[in-house]
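The values are calculated or read from the model by the stated rules, or taken from the named source; none is laboratory data. Not measured: the values here are computed from a predicted model. Cβ placement follows ideal geometry from the backbone for every residue including glycine, while neighbour counts extend to all protein chains displayed. For the accessible areas, the whole protein counts, side chains as well, though only heavy atoms, and no ligand, DNA or RNA atoms are used. Shrake-Rupley method; radii C 1.70, N 1.55, O 1.52, S 1.80 Å.
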Amino acid sequence: MADEAEAIPHGGDLGAARRSFPDAPEPWIDLSTGINPVPYPLPPFEASTLHRLPSPDDLAGLKRIAAVAYGAPSPDHVAAAPGTQILIETLPRLVPWSRVAVIGPTYAEHAAAWARGGHAVEAVPDLADAADATVVVAVSPNNPDGRVVDSRALRRAVASDGLAVLDQAFVDLEDAEQAAPGPGLVILRSFGKTYGLAGLRLGFALAEPALVRRLEAALGPWAVSGPAIAAGCAALADEAWRRDAAAARGRDAARLDRMIHRAGGRIIGGTRLFRTAAFDDAPGLFRRLGEAGLYVRRFPERPDQLRFGLPPDKTAWCRLSRVLR
């Protein structure tokens with residue numbers, strides 16, 4: 001019954017998992033995403049965030065806090081959106097026809113969005129192979145192998161009038177470079193993954209003010225909801241929580257590495273929020289995990305590899321340990 005799950009292009013679809021493994025125990029434990037399993041403890045929302053449309057002042061406040069949190073030169077360098085996915089979709093519609101190089105393998109929606117935008121897209125293994133591109137897209141740390149790309153090297157890989165897109169969705173809890181925007185460089189930052197609040201739908205583009213204005217015009221008014229603005233303001237200002245989360249998730253990732261090694265896996269890479277490993281019998285392990293109500297991410301193009309998110313609690317850790325033992 002696992003064939004249906006193999007075709008799922010993203011993690012998080014527990015409906016597909018249940019259809020693939022109908023006899024698995026409930027509740028399902030979703031390890032197929034790279035979302036922080038310990039969410040930010042949001043304060044109660046004011047009722048007004050649900051009753052009224054967010055004001056320009058509300059959005060401006062969020063952009064000020066995001067600029068500080070992400071190291072942008074000013075709030076004018078920040079575009080807020082209902083998740084980074086819509087920014088991935090919108091950017092190709094704002095750029096003239098281009099030869100686009102996507103450094104991969106990586107998150108598949110980048111290449112798909114530029115192709116939907118009518119651009120000529122090529123997946124390349126390294127920056128050195130992107131010499132003829134006018135747009136270069138990289139994810140750093142990369143999903144699923146954790147590879148890091150230097151933002152300056154990325155910018156040098158495109159012509160002076162080209163565009164470099166750096167998706168740093170997983171950088172918040174890492175020790176890697178957290179890049180700042182500059183001419184010809186757009187940086188995407190995810191809120192939901194870091195803070196375990198993906199359902200709020202909040203993400204950011206850091207870019208030169210002219211491109212920020214074009215992105216905001218394309219997104220239209222009230223693109224970010226009142227609750228998302230309130231959540232973003234609270235969480236992004238809490239630097240202490242972010243430091244503590246990075247340390248705690250680092251310990252969790254090390255614990256997961258040990259379990260994977262004991263199961264005969266070879267760590268390919270990852271971040272503090274997920275680990276990717278190769279196994280001699282990855283399809284068989286995927287099936288055993290599914291039968292135990294554990295949903296991990298598999299890759300049809302790399303059938304020997306599985307990606308594991310972090311278990312959220314003791315029960316989940318124990319269930320995973322029993323299968324990997």
Quiz item: If you check every pair at least six apart or on different chains, which have Cβ atoms under 7 Å apart with a residue in the range 63-75 that is open to solvent by 30 Å² or more (accessible area, probe 1.4 Å) first and a residue that is in a helix (DSSP H, G or I) and charged (D, E, K, R) second?
Solution: PRO75/LYS63; PRO75/ARG64
Quiz item: Which one is farthest from the chain's Cα centre (by Cα), of the residues in the range 186-195 that are under 19 Å from TYR107 (Cα atoms) and either free of Cβ contacts under 8 Å to residues at least 12 places away in the same chain or open to solvent by less than 40 Å² (accessible area, probe 1.4 Å) (or both)?
Solution: VAL186
Exercise. Could you tell me which residue of the range 279-289 is surrounded by the fewest Cβ atoms within 10 Å (Cβ to Cβ), considering only residues that are under 26 Å from PHE170 (Cα atoms) and not aliphatic (A, V, I, L, M)?
Key: PHE279
Quiz item: Which numbered condition trips up VAL165, out of (1) in contact with a Leu (Cβ under 6 Å, 6 or more places away or on another chain); (2) crowded, with 22+ Cβ neighbours inside 10 Å?
Solution: (1)
Quiz item: Condition test on ASP172, is it among the charged types (D, E, K, R), part of a loop (DSSP other than H, G, I, E, B) and open to solvent by less than 40 Å² (accessible area, probe 1.4 Å)?
Solution: yes
Quiz item: On the given criteria, is ARG201 open to solvent by 10 Å² or more (accessible area, probe 1.4 Å) and over 16 Å from the mean Cα position of the chain (by Cα)?
Solution: no
Exercise. Test TRP222 against the stated conditions and say whether it is touching a residue at least 24 places away in the same chain (Cβ under 8 Å), over 30 Å from LEU94 (Cβ atoms) and among the aromatic types (Phe, Trp, Tyr).
Key: no
Quiz item: Quick one: which of ALA72, ALA66, ALA153, ALA133 is out of contact with any strand residue (DSSP E or B) (no Cβ under 7 Å at 6 or more places or on another chain), of a type in the set (Gly, Ala, Ser) and not in a strand (DSSP E or B)?
Solution: ALA153
Quiz prompt | Matching option when the condition is closer than 22 Å to ASP238 by Cα and surrounded by 23 or more Cβ atoms within 10 Å (Cβ to Cβ), among ALA133, ALA101, ALA81 | solution = ALA81
Exercise. For the range 107-126, name all the residues that are in contact (Cβ under 8 Å) with a residue 12 or more places away in the chain, under 20 Å from the mean Cα position of the chain (by Cα) and assigned to a helix (DSSP H, G or I).
Key: GLU109, HIS110, ALA111, ALA113, TRP114
Practice problem: Hey, could you check the range 234-250 for residues that are free of Cβ contacts under 8 Å to residues at least 24 places away in the same chain and under 14 Å from ASP175 (Cα atoms) and say which is most open to solvent (accessible area, probe 1.4 Å)? | Solution: ARG243
Quiz prompt | Tally, over the range 42-77, of residues that are in contact with a Phe, Trp or Tyr (Cβ under 6 Å, 6 or more places away or on another chain) and closer than 20 Å to ASP238 by Cβ | solution = 1
Quiz item: When both residues are 6+ apart or on different chains and their Cβ atoms are under 7 Å apart, which pairs have a first residue that lies in the range 144-169 and is among the hydroxyl-bearing types (Ser, Thr, Tyr), and a second that is surrounded by fewer than 19 Cβ atoms within 10 Å (Cβ to Cβ)?
Solution: SER151/GLU177
Quiz item: THR90: modelled with pLDDT of 95 or more, of a type in the set (S, T, N, Q) and either open to solvent by less than 10 Å² (accessible area, probe 1.4 Å) or in contact with an Asp or Glu (Cβ under 6 Å, 6 or more places away or on another chain) (or both), yes or no?
Solution: yes
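Kindly indicate whether any position in the range 291-313 is in a helix (DSSP H, G or I) and open to solvent by less than 40 Å² (accessible area, probe 1.4 Å).
Taking every residue of the range 291-313 in turn, none turns out to be in a helix (DSSP H, G or I) and open to solvent by less than 40 Å² (accessible area, probe 1.4 Å).
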Quiz item: Given the conditions (1) over 22 Å from TRP241 (Cα atoms); (2) crowded, with 17+ Cβ neighbours inside 10 Å, which single one is not true for GLY15?
Solution: (2)
